[in-house]
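Notes follow the structure.
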Amino acid sequence: MFRSVSWSGVVACTIFYTMIFVTVRHQILMAHSVVHQAQPVMLLFLLPGAVSALTSKQAPLSVAVAGSLLATPFCLTMMIKGMMFFHSFWQECAFSISAIFWCGLGALSVTLGRALLEMRQGKQ
């Protein structure tokens, strides 16, 4: 499974995912917004997935998911130690799973774009 994974892409996704995770959580904390409301800033998690998909042509979804799964425990630990943990553990887990989903969707979007470009170039 991990033979065709671009490890540089995993590292890039992990770092980028961590930066966005901290930024989004800090923004939510400063805005005093309720977690039960829609959070459009979650769309920022599309970016690490897209970047990881651009670095790996063979297994873009695997790279994005591996990077986000490696970063999530680090992010949760950093939140607990940094006193940014302001909801229950299960709400934080739901937020993290949602972030992983959006990261994977970013990788799938790049994959779809590549497939559409290849189809278009194949017709010409």
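The values are calculated or read from the model by the stated rules, or taken from the named source; none is laboratory data. Not measured: the values here are computed from a predicted model. Backbone-built Cβ (ideal geometry, glycine too); neighbour counts: all protein chains shown.
Key figures for this structure:
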| item | result |
| --- | --- |
| Criterion (at pLDDT 90 or above, out of contact with any helix residue (DSSP H, G or I) (no Cβ under 9 Å at 6 or more places or on another chain) and of a type outside the set (Ser, Thr, Tyr)) met by exactly one of Leu29, Leu105, Leu112, Leu70 | Leu112 |
| Condition met for Phe86 (in a loop (DSSP other than H, G, I, E, B), exposed (fewer than 14 other Cβ atoms within 10 Å of the Cβ) and modelled with pLDDT under 95) | yes |
| Tally of residues being over 23 Å from Pro40 (Cα atoms) and either touching a residue at least 40 places away in the same chain (Cβ under 8 Å) or of a type outside the set (A, V, I, L, M, F, W, C) (or both) across segment 79-110 | 2 |
| Selected residue [at pLDDT 90 or above and surrounded by fewer than 20 Cβ atoms within 10 Å (Cβ to Cβ)] from Ile20, Ile15 | Ile15 |
| Unique residue being modelled with pLDDT under 90, under 13 Å from Cys13 (Cβ atoms) and over 13 Å from the mean Cα position of the chain (by Cα) when the list is Thr77, Thr55 | Thr55 |
| Residue in segment 90-101 that is under 22 Å from Ala115 (Cα atoms) and either at pLDDT 85 or above or within 16 Å of the chain's Cα centre (by Cα) (or both) present | yes |
